[in-house]
Every structure is written in C-alpha cells, then in structure tokens.
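> Sharing a structure with you now.
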Amino acid sequence: MKLFYFVQVVSIGCIFFRTTVALTCFENNEETGELEEVENDEFVYCRLFPASRNPETGEIKKAKADGLKHEEVDGPFGEFFELSASYYQILSICLYEKYDFPKLWKLMRNASPKSQKSPKIEYQFRCLCNTDRCNTPTNLEPYLAKLRNEKADNLLQ
C-alpha cells in the first residue's frame with residue numbers, strides 16, 4: 001500500500017514539474033524569418049513544418065517552426081505522448097493533412113456571395129513534439145535522426 005501512495009506522489013510530482021517548467025521551441029521570427037529559441041511556460045508542444053517542394057511549381061518552401069500553446073492545439077495529441085514506458089516512447093507525431101478549401105469555399109460562398117476565385121486543395125505535413133528544441137527546422141531525415149540520436153536515449157532513462 002505504501003508503494004501505491006509513493007507511485008501516486010511521484011506521478012503527481014512529475015505532472016507538476018512538467019507543467020511548471022518552460023518548454024523551449026525553435027520559432028521563426030515573424031519579421032526577419034530568422035530562427036530563434038523561445039522558452040515559454042505556456043508551450044505544450046513544439047511544431048515543425050519541414051521544408052517541402054511544391055509539386056506543381058517546383059518552388060521550395062522553407063521549413064517553419066514554432067511553439068504551440070494549449071488553446072492552439074487542434075487534436076488529442078497528449079494521449080499519444082502519454083503512451084510511454086521504460087522501453088517505449090513517442091518522440092514526435094507527424095501528420096500529412098488535406099485541406100479541401102474548394103468545399104469550404106462553397107459553404108462560405110453561400111453565406112457570403114462576394115467571395116473571389118475558388119481556392120485549391122492544399123496538403124500540409126507537420127510534426128509535433130514535446131521536448132526542448134525538438135522541432136529543429138531541417139529536412140525530414142535529419143530531423144528524425146536528431147530526435148533518434150539526441151532525445152531517445154535521454155528520455156527513456
């Protein structure tokens with residue numbers, strides 16, 4: 001029974017510790033585009049949009065990075081990051097998403113007929129993580145290698 005109470009106290013302590021320690025994420029400066037490290041008590045995740053190439057134009061879109069506050073989170077990602085054990089941990093969640101803006105445009109056009117030309121369908125690839133500096137903006141392979149090499153060993157101890 002004492003062990004049970006000890007585990008509860010340690011668990012609550014770990015939760016309190018994580019919520020009181022600021023998360024440091026890389027962010028692109030809005031004015032200069034330069035990369036900065038930002039420490040913020042309100043960040044719950046770091047986010048990365050890896051560099052990508054537009055399949056139609058061939059234009060390369062630079063990587064973007066930022067931190068997310070609780071109110072900006074648009075999915076139940078915490079449930080995934082909580083799935084961990086001494087031998088297993090989720091380091092990053094990456095999503096490939098489709099935004100059907102033409103369908104949305106039709107709905108909005110019915111509400112407001114002053115809309116201009118119909119937008120195109122857009123695809124987005126983003127990754128979320130919850131450890132300091134885990135959203136290094138680089139191409140995907142070095143990003144995953146960095147997570148694997150620097151974070152995994154420290155997190156599973």
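Derivation of every value follows stated rules applied to the coordinates shown; laboratory data play no part. Everything numeric in this text was worked out from a predicted model, so none of it was measured. Every residue, glycine as well, gets a Cβ built from its backbone with ideal geometry; the counts of neighbours run over all protein chains shown.
> Points 7 angstrom from Cα along the Cβ direction at F125 and K146: gap in nanometres?
1.6
> Continuing with this model, one more query. For the pairs K62/K106; K69/K106; K61/K117, flag any whose C-alpha to C-alpha distance is greater than 25 Å.
Listed pairs above 25 Å: K62/K106; K69/K106.
> Set the Förster radius R0 to 35 Å, insert the Cβ-Cβ distance between L35 and S118 as r into 1/(1 + (r/R0)^6), and round the FRET efficiency to 0.05.
Efficiency, from the Cβ-Cβ distance: 0.50.
> Hey, which aspartates and glutamates would be in cross-link range of K103, C-alpha to C-alpha under 14 Å, not counting anything within fewer than 8 residues on its own chain?
Qualifying aspartates and glutamates at Cα under 14 Å: E122.
> Another question, then. Going 7 Å from the Cα of E42 along its beta-carbon direction, which residues of the stretch 67-100 have the amide nitrogen within less than 14 Å of the resulting point?
67-73
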